[in-house]
1. For the range 582-620, name all the residues that are crowded, with 18+ Cβ neighbours inside 10 Å and within 12 Å of V636 (Cα to Cα).
2. If you check L161, L197, L204, which single one turns out to be in contact with a strand residue (DSSP E or B) (Cβ under 6 Å, 6 or more places away or on another chain) and among the aliphatic types (A, V, I, L, M)?
3. Within the range 215-232, does at least one residue satisfy the condition of being over 15 Å from G668 (Cα atoms), buried (at least 20 other Cβ atoms within 10 Å of the Cβ) and among the aromatic types (F, W, Y)?
4. Which one of the conditions (1) under 14 Å from I100 (Cα atoms); (2) assigned to a loop (DSSP other than H, G, I, E, B); (3) acidic (D, E) does E130 fail to meet, given that it meets all the rest?
5. Give the residues of the range 477-496 that are assigned to a helix (DSSP H, G or I) and without any contact (Cβ under 8 Å) to a residue 60 or more places away in the chain, sorted by residue number.
6. Would you pick out the residues in the range 557-610 that are in contact with a helix residue (DSSP H, G or I) (Cβ under 7 Å, 6 or more places away or on another chain) and modelled with pLDDT of 90 or more?
7. Scan the range 529-547 and give yes if some residue there is within 28 Å of the chain's Cα centre (by Cα) and buried (at least 16 other Cβ atoms within 10 Å of the Cβ), otherwise no.
8. Looking only at the range 249-259, decide whether some residue is under 28 Å from S645 (Cβ atoms), within 29 Å of the chain's Cα centre (by Cα) and touching a residue at least 60 places away in the same chain (Cβ under 8 Å).
Amino acid sequence: MGSLNSFALWGALGLAGVAVPIIIHLLYRKHRKETDWAAMELLRRALVIRSGQVKLEDYLILFLRCLALALLAFALLRPIMNAAADSLLGEKKAGMIIGIDASFSMGHGEHSRFERALEKARLIVKTAREGNPITIVLMSDRPKVLVRGAGYVPAQVTELLGSKTTATPYRLGLERNLELLNELAAEIKSPGKEVFLVSDSQELDWANLSSAARASFERLTKSARVYVIPSGMDGEENLTLERLSYSSGSLRQAGVARFTAEVRNTGRRTADAGSVEFFVGNELSKRLAVGSLEPGQVRGLSFFATFDKPGDIRLKAQLTPDDLAADNVRHAVARISSRVRVLCVEGASSGLNKADRTGGYYAVRALRLKGRGDDSPIRVHQIEAPDLVIEQLGDYDVILLANVPDPSAETVGRLKKFVQRGGGLILFTGDRVDADQYNDRFGKGADGLLPASIGKVASYTGDATGWAIGPVKSDHLLGGVVSRLPEKLLDSARFSKLTGVEPVSGSETILSVAETGAPLLLARDFGAGTVLLFTTSADRTWSELPVHPLYAMLLQQAVTQLTSRPDASQFIVGADAPLPVTGRQLGENVALTKPGGEASSIRVTQNRDEPVAAVEFDQPGIYQIAAEGPKPGVVVAANVDARESDVKVLGPGALETLLGPIGVTVLGKDGDLAAAIEKNRRGSEMTQLLLWLAIGVFLLQSILARYFTNKISRDDVPDLTAALQSSKVAAARRS
């Protein structure tokens, strides 16, 4: 037994209501006046027997009036029978919350899982009674409530669950949706609450429930009966185009760059993956056959593109259609520059004479293409450390610091603003780098500029010529450059000294040495820009890297990555991201065009010290913030989350084993769905029954009051005094 309304509030009002007839009765007795009259004494004795009978009749009427008010108050309390009881004890009601998985994996199959889920939802709502509260949610990373706690209207719900309702391009996000379902369940006032989750029960989301999801399920089962209903499927085979990325080459005018598309078989059987078509702009550039893929196997396909003019070039890769169309296309943006300007700042090593080649020499030689001269796509301006204070940093795209001693606080502040606004910074350590000074000036932790805190210098003491580069564990672009080189070639790049560092949160170790695992190259995004830190020197005092072929390859790719930032131009559908909009003013409106051609206006806000425009990526494709005169535009790509492409599912038996101990019921058979719901339905509301009882009791007391009053009128009264007494009794009963 429970109640839908507050027991304290309505219980107090009920007691007050019951007290009213009693108070009136007592007040009537209190204000009765008695006058002694000798002649009446004999008559009083004659009325004693009759007055006792009248009192019993009065108490009966008083009791019925109190009972009527008590039943009315109890009805307003809305008591419920929580057990599975017949409607003889009350009106059986259930508030429904139906969560339909609308993630893009639900689009799998010729007769898609989402269509099957809608069919299941229509079967569920048919068990509801018209007027009962119902809530319907499309579950995804961005859940959408179609109807919230409204009375069930069959025509309206049928329209909502019609063919116009489609799956989204988002992931499921089970934890987020379970929190929402708990919130929605708390809003519904009904004797019975039923929560239905209709999903394809992907292994990705359901096989290993997080502690947060498990806790949400447990809270939900305490307030409602919870059902999980597998939507059904045609199969579990799927091929996905899970990545399209820049691999290597020049992202500059007249340059040639290599892009790679990765195709994965997420199914359980070997499959022919068909082919991939590559588009540059809107033109088909190349078509490559993928071949046969084993379950879980990934195959990369590369193509080369030449760029005749600078700007943001749109790229697309498209896989042969299969049962899940949402993950067969991926988009990318290549930002092509006409020329890159690099400022190389050197602080000579203390052990070198003027005739020796410093770190600046090797860096400049690595960045300039041989024989190109002034036509080189990378323009390098070389200065010494003291001259850095007079340089306009905004004139450059990348700044390289090679063993620069003790930069001033003002210089470091300018470098922070340079990186935050989208510039690239490369640092080489060396014997002139003071650890305490660098940590103090550049800052530590999340507020600092560097990817790591600087420590002491370590020297190699082994028998070989130095430390070797260890296996690459990072998927960073620069890590890919190293991993593609022959092991024998890499082994010749040895390091005799390294600066010890402690990486900060948010940084990435790209390269490390094999023997100790000490970081060799680290990266960290800061604002709209990126910082790269080499823990060795830029010249030959600490290693043979400057004369190794890898040196030029790393610096060339580093400059490309820092200026074009190809990875920073790709986002996941369902995410919100603040895009840096250089040159814009706070509060200014910028024009955004979405993949489908929809135009909207978004306001420029501030993220730290840079102007940004917050974009919601709600569909795959290319998003563009238009350029206005000298103010540059922004072009980025959004793609579906490749993790959702694994369409393998848990069967009803596995779901029951997983969810049964939490109190969740799994209903897996179509034919028994409605019957099972009706059979398990609990909760009868007694409000209507109690209201009818209150009305009946009130009518009964009215009839009895009239009957007893008329009876008094019919009785023979001995004299005038008895008649007056009878009139008073009748008047009291009518009140």
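The values are calculated or read from the model by the stated rules, or taken from the named source; none is laboratory data. Nothing here was measured: the structure is a model prediction, and the numbers come from that model. Every residue, glycine as well, gets a Cβ built from its backbone with ideal geometry; the counts of neighbours run over all protein chains shown.
1. Matches in the range 582-620: L592, K594, V615, F617, P620.
2. Numbers: L161 fails: in contact with a strand residue (DSSP E or B) (Cβ under 6 Å, 6 or more places away or on another chain); L204 fails: in contact with a strand residue (DSSP E or B) (Cβ under 6 Å, 6 or more places away or on another chain).
Criteria check complete, one pass: L197.
3. Yes, the range 215-232 contains at least one residue that is over 15 Å from G668 (Cα atoms), buried (at least 20 other Cβ atoms within 10 Å of the Cβ) and among the aromatic types (F, W, Y).
4. (1)
5. Those that are assigned to a helix (DSSP H, G or I) and without any contact (Cβ under 8 Å) to a residue 60 or more places away in the chain: G479, S483, E487, K488, D491.
6. Residues satisfying the conditions are Q557, A558, V559.
7. Looking through the range 529-547, at least one residue is within 28 Å of the chain's Cα centre (by Cα) and buried (at least 16 other Cβ atoms within 10 Å of the Cβ).
8. No.
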